[in-house]
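There's a structure below that I have some questions on.
The values are calculated or read from the model by the stated rules, or taken from the named source; none is laboratory data. All values reported here derive from a predicted model rather than from experimental measurement. Cβ sites come from the backbone with ideal geometry, for glycine too, and all protein chains shown count toward neighbours.
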Amino acid sequence: MFVYADHAATTKLSAAAMKAYAETAAKYYGNPSSLHSVGQEAQEMLTACREEIAGILGAEAREIYFTSGGSEADNQAIRSAAYAGARKGKKKIISTAIEHHAVLHTLKRLEREGYEIVLLPVGESGVVEAKAVEEALDENTALVTVMLANNEIGTIQPVAEIGAICKKQGVLFHTDAVQAVGHIPVNVKKIGCDYLALSAHKFGGPKGVGALYVRRGAPIFPLIEGGAQERGKRAGTEDLPAVAAMTAALKASVADMDATSAALQGLQHKLIDGLSKIPHCALNGDREMRLPGNVSFCFEGIEGESLLLLLDEKGICASSGSACTSGSLDPSHVLLAIGRVHDVAHGSLRLSLGAENTVAEVDYMLEAIPEVVNYLRNMSPVWRDLMAGKRQFIL
Ligand SMILES: *Cc1c(COP(=O)(O)O)cnc(C)c1O
């Protein structure tokens, strides 16, 4: 059996997106900046996509800026608010310890540029408290940036509460909603955010395209200079087929959201209940306050990398919080933030389900995963010490 259970990393292009991509590439090949008819037709198509996406998010079309994806949108939101704050002498930015690297690394660089960065802790639940944000706010704060849903452990953050607090204090608020858009209801007015980042490839759209919502009146500066595209805030000829495909993917995801979400929750709970029977393991993050398709576990006494390789041999594509593109063996900052010690954090597994996953696939995973965990534990000297009582179990 083959199971793709890594939808939080990326999703397959949906049929609707594929169709929109091909049709738009063939029909609307003009440059939207051109004044002739072919260009103007492309411009109209671009506007229609912007209106569609804005409508889904509860925004106005002019509040949507197309970007190359979630990372760029996060970078632009944070830098825009940071620069605007600095002009008024405000150089403090509040965020959380569990943000995506697109946020964390931008903040790290701003710290080197003289900003004060405060990363709020999250408890074992993997959810930040709105009250902690309120307490950290002061007159020097330029921006609060808190993700809507976490990409590793799937936990959903109280962004509407945080948005209300920020509005009351007159502080800009950005939310990285890349894991949420297309999966759970997202409305910029209900959240009360000034900026919101989304990425097409997390909901059945193409890689390399996304959008940034910027509330009318909130500061926005370009990261990329050049032409006057995106109202002068993001230069470069628009990738219209990608934007059209993103729009089609989002429409399709939102239309099916309730049914997909209910089905995914069924699979998710089955997986969580089944995997919980493995001794010395723990679910990462709150069981209820999480994305419908996310299942994240730590298994004591094993290495996540070995687990992934053996699961791949069994046809299961999953991910591990400790999987590192850099090749370093640093455990996930998210798992450390929820209190997992290094050894335990290394034994992590993330399964992220999508609409195409089936009950039969979940049954297969519930057979394969305990088998592989057992096999790895039997080879592990750490496990031997744990079983012999020479080391204390943590989980
Ligand atoms: C994937 C992801 C990003 C980055 O989006 P890209 O389009 O791949 O640049 C940012 N934040 C979160 C939470 C993500 O899951």
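If we keep just the residues of the range 48-97 that are under 12 Å from Tyr213 (Cα atoms) and among the polar types (S, T, N, Q), which is nearest to the ligand (Cβ to nearest atom)?
Thr67
Would you pick out the residues in the range 197-231 that are farther than 29 Å from Asp256 by Cβ, touching a helix residue (DSSP H, G or I) at 6+ places or on another chain (Cβ under 6 Å) and within 16 Å of the ligand (Cβ to nearest atom)?
Selection gives Leu223 alone.
Report every pair of residues separated by at least 6 positions or lying on different chains whose Cβ atoms are under 8 Å apart, first residue within the range 211-234 and at pLDDT 95 or above, second assigned to a helix (DSSP H, G or I) and basic (Lys, Arg).
So the pair list comes out as Arg216/Arg62; Phe221/Arg79; Leu223/Arg79; Arg231/Arg62.
So, in the range 260-281, how many residues would count as being more than 18 Å from Glu361 (Cβ to Cβ) and either surrounded by fewer than 20 Cβ atoms within 10 Å (Cβ to Cβ) or charged (D, E, K, R) (or both)?
To start, the set of residues in the range 260-281 that are more than 18 Å from Glu361 (Cβ to Cβ) comprises 276-281.
Among the residues that remain, those that are also either surrounded by fewer than 20 Cβ atoms within 10 Å (Cβ to Cβ) or charged (D, E, K, R) (or both) are: 276-280.
Summing the residues that are more than 18 Å from Glu361 (Cβ to Cβ) and either surrounded by fewer than 20 Cβ atoms within 10 Å (Cβ to Cβ) or charged (D, E, K, R) (or both) in the range 260-281 gives 5.
From the list Glu129, Glu134, Glu152, which one is charged (D, E, K, R), touching a Leu at 6+ places or on another chain (Cβ under 9 Å) and over 30 Å from Ala15 (Cα atoms)? Explain how you work it out, then say what you get.
Values: Glu134 fails: touching a Leu at 6+ places or on another chain (Cβ under 9 Å); Glu152 fails: over 30 Å from Ala15 (Cα atoms).
Exactly one residue qualifies, and that residue is Glu129.
Go through the range 17-47 and give me each residue that's more than 16 Å from the ligand (Cβ to nearest atom) and within 27 Å of Gly315 (Cβ to Cβ). Before the answer, list the steps.
Going through the range 17-47, the residues more than 16 Å from the ligand (Cβ to nearest atom) turn out to be 18-47.
Passing the criteria: only Met18.
Can you pull out the residues in the range 145-171 that are among the charged types (D, E, K, R) and within 11 Å of the ligand (Cβ to nearest atom)?
Restricting attention to the range 145-171, the residues satisfying the condition of being among the charged types (D, E, K, R) are 152, 161, 167-168.
Matches in the range 145-171: Glu152 only.
If you don't mind, there's one more thing I want to ask. Quick one: which residue in His183, His174 is within 12 Å of the ligand (Cβ to nearest atom), part of a strand (DSSP E or B), touching a helix residue (DSSP H, G or I) at 6+ places or on another chain (Cβ under 8 Å) and on the phi < 0 side of the Ramachandran plot? Spell out how you get there, then give the answer.
On the way: His183 fails: part of a strand (DSSP E or B).
When all the criteria are applied, what remains is His174.
Oh, and also: List pairs: first in the range 50-70 and β-branched (Val, Ile, Thr), second part of a strand (DSSP E or B) and within 16 Å of the ligand (Cβ to nearest atom), Cβ under 7 Å, 6+ apart or cross-chain?
Here the result reads Ile53/Ile64; Ile53/Ala211; Ile64/Ala211; Ile64/Tyr213; Thr67/Gly210; Thr67/Ala211; Thr67/Leu212, each pair linking the range 50-70 to a residue that is part of a strand (DSSP E or B) and within 16 Å of the ligand (Cβ to nearest atom).
Out of all the residues in the range 1-12, which are surrounded by fewer than 20 Cβ atoms within 10 Å (Cβ to Cβ) and within 21 Å of the chain's Cα centre (by Cα)? Step through it out loud before you land on a result.
Here is the first cut: in the range 1-12, the ones surrounded by fewer than 20 Cβ atoms within 10 Å (Cβ to Cβ) are 1-2, 4, 6, 9-10, 12.
Once the filter is applied, which keeps residues that are surrounded by fewer than 20 Cβ atoms within 10 Å (Cβ to Cβ) and within 21 Å of the chain's Cα centre (by Cα), the range 1-12 yields Tyr4, Asp6, Ala9, Thr10, Lys12.
Which condition number does Asp286 fail, the rest of (1) more than 21 Å from Val373 (Cβ to Cβ); (2) over 19 Å from the mean Cα position of the chain (by Cα) being met?
With (1) more than 21 Å from Val373 (Cβ to Cβ); (2) over 19 Å from the mean Cα position of the chain (by Cα) applied to Asp286, the lone miss is (2).
Residues to consider are Ala248, Ala235, Ala244; find the one that is away from the ligand (no atom under 16 Å from the Cβ), in contact with a Cys (Cβ under 8 Å, 6 or more places away or on another chain) and not hydroxyl-bearing (Ser, Thr, Tyr). Give the derivation first.
On the way: Ala248 fails: in contact with a Cys (Cβ under 8 Å, 6 or more places away or on another chain); Ala235 fails: in contact with a Cys (Cβ under 8 Å, 6 or more places away or on another chain).
Unique residue meeting the criteria: Ala244.
When you scan the range 98-114, how many residues do you find that are more than 14 Å from the ligand (Cβ to nearest atom) and either touching a residue at least 40 places away in the same chain (Cβ under 8 Å) or crowded, with 18+ Cβ neighbours inside 10 Å (or both)?
1
Which one of these is more than 15 Å from the ligand (Cβ to nearest atom), in contact (Cβ under 8 Å) with a residue 24 or more places away in the chain and either at negative phi or polar (S, T, N, Q) (or both): Ala132, Ala142? Show your work before the answer.
Working: Ala132 fails: in contact (Cβ under 8 Å) with a residue 24 or more places away in the chain.
Testing whether each residue is more than 15 Å from the ligand (Cβ to nearest atom), in contact (Cβ under 8 Å) with a residue 24 or more places away in the chain and either at negative phi or polar (S, T, N, Q) (or both) leaves just Ala142.
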